[in-house]
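Chemist: Sharing a structure, written as structure tokens. Questions coming.
The values are calculated or read from the model by the stated rules, or taken from the named source; none is laboratory data. A quick note: this is a predicted structure, and the numbers were derived from the prediction, not measured. All Cβ positions, glycine included, derive from the backbone under ideal geometry; neighbour counts span all protein chains shown.
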Amino acid sequence: MTEPMIIAQDVTEAVAAVLAGLARVYADSPLQVGEGLLELGNADRAVRDYPEQAGAMAVRDHAVSKLLELARLPKVHRFDGTTAEAYDATQCCDDIRDGDVLVVEAEGVVGFLDAAWPVAVTEAHGEFHGLKTPAHEYKDGSCAASIDSAERIAAELGFPLAVKPAHAV
């Protein structure tokens, strides 16, 4: 019989391992992931060394919360071709998921995947669907993380955000 492999010494270490994997896949900033894991490790040591201090537990919970937030960030997909090619990719690539951000620099388009439909948050939309409403009102704010990430990337690239409706979603 083989010996079981020990993956984690405690629950916090196990949670950190899982969150690190998720965050590396979905977070836009690996530095934030590293900082969050360091904070979690330090907080966990404080909880072990000073169990009577309620503040240490709160710090650890805050670190876990930050890592969970990072793990929920949409993944960013960059396309070298056209919005038509990017649209096609959203229909057949399993690694592009609902809420992921789509960037087509050649056409000045940044958007996100809403179920099976790429939606542009930029003025230019190419083959993506355009917005009829302000981005943050789209689907009662249920796509806020995706929209925030897409708008931030569009601003970094200097692409104007949609100010008027394009073709309907």
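Chemist: Among the residues of region 76-85, is there at least one that is crowded, with 20+ Cβ neighbours inside 10 Å and among the small types (Gly, Ala, Ser)?
Modeler: No: zero hits.
Chemist: Here is a follow-up. Residue by residue through region 114-124, note down the ones that are within 14 Å of Thr90 (Cβ to Cβ) and crowded, with 24+ Cβ neighbours inside 10 Å. Explain how you work it out, then say what you get.
Modeler: First pass over region 114-124, keeping only residues within 14 Å of Thr90 (Cβ to Cβ): 114-120.
Pro118, Val119, Ala120 - these are the residues of region 114-124 that are within 14 Å of Thr90 (Cβ to Cβ) and crowded, with 24+ Cβ neighbours inside 10 Å.
Chemist: Which one is farthest from the chain's Cα centre (by Cα) among residues in region 67-79 that are modelled with pLDDT under 70 and not aliphatic (A, V, I, L, M)?
Modeler: This residue is Glu69.
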